[in-house]
Each structure stands twice: as C-alpha cells, then as structure tokens.
Amino acid sequence: MNKIAARCIMCGKTYEVAEDHKDYPKLSQAKDAVFVCDRCNYKVRYESEEKQKPKKPM
Ligand SMILES: [Zn+2]
C-alpha cells in the first residue's frame, strides 16, 4: 500500500497517510494540501460542537 508523508497544520507532527485514507487523493495531488490529523480533527470537531450547544439554564 502506498503511503504519503503529510504534516498536520495544527500539531505540526508528520504522519504517514495510507492509500485508503480519505485525505490521500488530495494530498497526493497537491503537496501543499492542508492536512489535519485524526486527533486534531476530533479535537476541532469536539470543540465546535461544544460551542454550538445551547447553554443550559441554571
Ligand atoms: Zn494534529
């Protein structure tokens, strides 16, 4: 399986993205394509969901 090295724009770590990863086509086409690793992706999603939640009445 082919792999490509991609650096996460959020944590700066370099990851090997395998062929079956959803971002692989994008990364293999453009070397400067933006990549966010799974961990940061999850974190961002979690934080944005937290912001969207209505505040609980006290
Ligand atoms: Zn990251």
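The values are calculated or read from the model by the stated rules, or taken from the named source; none is laboratory data. Model, not experiment: these values are computed from the prediction. Glycine gets a Cβ as well: all are built from the backbone with ideal geometry, and neighbour counts include every protein chain shown.
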Any pair with Cβ under 9 angstrom, 6 or more apart, that starts in segment 30-56 at a residue that is within 9 Å of Cys8 (Cβ to Cβ) and ends at one that is surrounded by 10 or more Cβ atoms within 10 Å (Cβ to Cβ) and among the acidic types (Asp, Glu) = Phe35/Asp23; Val36/Asp23
Kindly check whether there is at least one residue in segment 8-16 that is among the acidic types (Asp, Glu) and in contact with a strand residue (DSSP E or B) (Cβ under 7 Å, 6 or more places away or on another chain).
-> yes
Breaking point among (1) surrounded by fewer than 13 Cβ atoms within 10 Å (Cβ to Cβ); (2) of a type in the set (Lys, Arg); (3) modelled with pLDDT of 90 or more, for Lys55 | (3)
Selection from segment 9-35 of residues that are surrounded by 11 or more Cβ atoms within 10 Å (Cβ to Cβ), assigned to a loop (DSSP other than H, G, I, E, B) and within 16 Å of the ligand (Cβ to nearest atom) | Ile9, Met10, Cys11, Lys13, His21, Asp23, Ala33, Val34
